[in-house]
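Here the structure is laid out as structure tokens; the discussion comes afterwards.
The values are calculated or read from the model by the stated rules, or taken from the named source; none is laboratory data. Keep in mind that what you see is a predicted model, and the values were worked out from it rather than measured. Methodologically, a virtual Cβ is constructed for each residue, glycine included, from the backbone with ideal geometry; neighbour enumeration extends over all protein chains shown. Each accessible area value is taken on the protein alone, full model and side chains, heavy atoms only, with ligands, DNA and RNA left out. Shrake-Rupley method; radii C 1.70, N 1.55, O 1.52, S 1.80 Å.
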Amino acid sequence: MTDTNAPVLQLVDLVKHFGIGPGAVRAVDGVSLTVSAGEVLGLVGESGSGKTTLGRCVVRLVPVTSGQVLMRGVDIASLSRRRLRGLRRDFNIVFQDPSSSLNPRMTVADIVCEPLRLHRIGNAAARRARLAELLDQVGLRAEVGRRYPHELSGGQRQRVSLARALSAGPALLVADEPTSALDVSVQASVLNLIARLQSELGFACLFITHDLASVEFLAQRIAVMYLGKLVEVADRAELFATPRHPYTQALLSAAPIPDPPVQRRRRRIVLSGDVPSPVRPPSGCRFHTRCPVAEPRCVTDEPLLRPVGPTGSLVACHLVTDTGHGPRLADPALAP
Ligand code: SF4
């Protein structure tokens with residue numbers, strides 16, 4: 001029985017390892033976070049950070065190794081397939097590449113209405129009416145319903161994916177890099193569409209991306225992930241104004257600012273090396289092998305994700321004090 005007062009999504013110490021023993025890939029390693037009703041939480045990190053795996057655990061496309069995925073208080077990670085079926089209409093996912101996520105043998109009408117049929121929502125006439133409404137909401141003409149995915153552009157296909165994901169009225173949408181496979185010219189229009197639909201329909205959204213500009217545009221809160229763990233969670237404005245974790249500071253320094261004079265004065269913080277292997281992550285703080293301000297204790301002691309500063313943002317770094325003060329890497333655009 002779902003609890004309507006509980007958060008739409010709550011992850012409790014979520015772990016996902018692929019394989020077992022010393023060779024296991026530790027893709028997600030103890031992540032706890034909450035997404036409230038109507039909230040957009042941006043999840044950012046480099047490739048290999050585990051953010052896509054986390055999104056797939058949330059919608060149970062992959063089984064979790066341990067921990068809980070609470071959807072309105074019900075742990076869907078441990079539900080039987082039969083009981084999960086009843087809850088599936090409450091959440092859905094939009095993938096990065098609409099070309100491979102849409103069935104090429106089905107018409108757009110069948111694709112969009114499939115969740116309605118699976119969940120036995122409405123009769124044939126009601127589904128036709130819902131199809132027309134959904135196509136209109138995502139900015140497609142009604143006649144697109146008769147076409148097949150290969151007859152559409154990339155942007156149109158992603159609009160179809162969105163219509164399908166939203167057809168059963170989910171409380172949570174997981175959007176996994178929904179614009180990164182699209183031409184730059186249509187990325188903005190799809191982002192604008194997601195923002196408009198989210199504000200009109202009020203669903204919660206876990207927006208997974210490596211693109212900081214899109215989370216700045218869409219998300220109210222941002223969680224930063226590095227090598228299977230969260231390193232910082234903060235309100236959007238606070239994170240962009242005062243990034244506290246050294247990794248967050250490095251990520252932001254690499255994102256272009258649409259202000260040429262400021263952009264010219266900035267110095268990018270270049271991290272040494274690549275993201276280490278998630279098979280054998282570094283001891284202590286996982287970021288210590290690339291952190292420009294690492295100390296000896298960072299090699300041995302793992303920093304906990306804990307509340308800091310006046311707003312209670314969460315940061316996992318030994319050098320950030322409880323008042324929120326900490327290392328400021330040299331980047332003029334980030335200086336207070
Ligand atoms: Fe860098 Fe140490 Fe903070 Fe990790 S705990 S981010 S290594 S200073």
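Structure summary
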{"item": "When residues of the range 163-213 are limited to those that are of a type in the set (D, E, K, R) and buried (at least 16 other Cβ atoms within 10 Å of the Cβ), the one nearest to Thr107 (Cα to Cα)", "result": "Arg164"}
{"item": "Out of Cys291, Cys285, sole residue that is under 19 Å from Val25 (Cα atoms) and within 12 Å of the ligand (Cβ to nearest atom)", "result": "Cys285"}
{"item": "Subset of the range 294-323 (residues that are over 23 Å from the mean Cα position of the chain (by Cα), near the ligand (Cβ under 10 Å from one of its atoms) and either basic (Lys, Arg) or not in a loop (DSSP other than H, G, I, E, B) (or both))", "result": "Pro296, Arg297, Cys298, Val299"}
{"item": "The range 215-232, subset closer than 27 Å to Ser272 by Cβ and more than 15 Å from the ligand (Cβ to nearest atom), residue most open to solvent (accessible area, probe 1.4 Å)", "result": "Glu216"}
{"item": "Filtered residue count, the range 237-265, keeping only those that are open to solvent by 50 Å² or more (accessible area, probe 1.4 Å) and either modelled with pLDDT under 90 or farther than 23 Å from Cys291 by Cα (or both)", "result": "10"}
{"item": "Selection within the range 115-141 - under 26 Å from Leu191 (Cβ atoms) and surrounded by fewer than 16 Cβ atoms within 10 Å (Cβ to Cβ)", "result": "Ala132, Glu133, Asp136, Arg141"}
{"item": "Count - residues of the range 96-111 that are assigned to a helix (DSSP H, G or I), over 25 Å from Thr53 (Cα atoms) and either of a type in the set (A, V, I, L, M) or open to solvent by less than 60 Å² (accessible area, probe 1.4 Å) (or both)", "result": "2"}
